[in-house]
């Protein structure tokens, strides 16, 4: 049993209010949340601290964290949409919105809808 299942059992449950990481769509939704959240922290906390209080260390820390979160989201998006069951429009929308600031939040509705469709099949 993994450490994550012991300490965070709710993320493996389909009854949780947030996406389960057992499915590709769930992992994509979670990656989108993390990517969008790191961007918010970077823009609303780290950048003002850098320019307002001359504290560049937060940007130096959050910048790479956000970069890794973006790469993880994009790879999850590509793996998910090219696994099948997606229209050309959905693929274009998901990959395009991964490049738009806060696009991961905008795309979550589509991902949630697709997740619900697949869980009822």
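In this structure, residue 95 and residue 116 have a Cβ-Cβ separation that, at R0 = 22 Å, corresponds to a calculated FRET efficiency of about 0.55. Starting from one equal scatterer on each C-alpha and no solvent at all, send me the Debye-based log10 I(q)/I(0) for the stretch 28-80 at q = 0.22 Å⁻¹, two decimals. Log-scaled intensity ratios, in q order: -0.71. Taking every C-alpha pair closer than 8 Å and separated by at least 6 residues, the mean separation divided by the residue count of the stretch 22-119 gives a relative contact order of 38 percent.
Sorted fewest first by neighbouring Cβ atoms within 10 angstrom, 99, 111, 43 come out as 99, 43, 111.
Volume per residue for the stretch 22-119 equals 82 cubic angstrom (convex hull of Cα atoms).
Only the coordinates and a few stated rules stand behind these numbers; no lab work does. Here the structure is a predicted model, which means the values were calculated and not measured. Backbone-built Cβ (ideal geometry, glycine too); neighbour counts: all protein chains shown.
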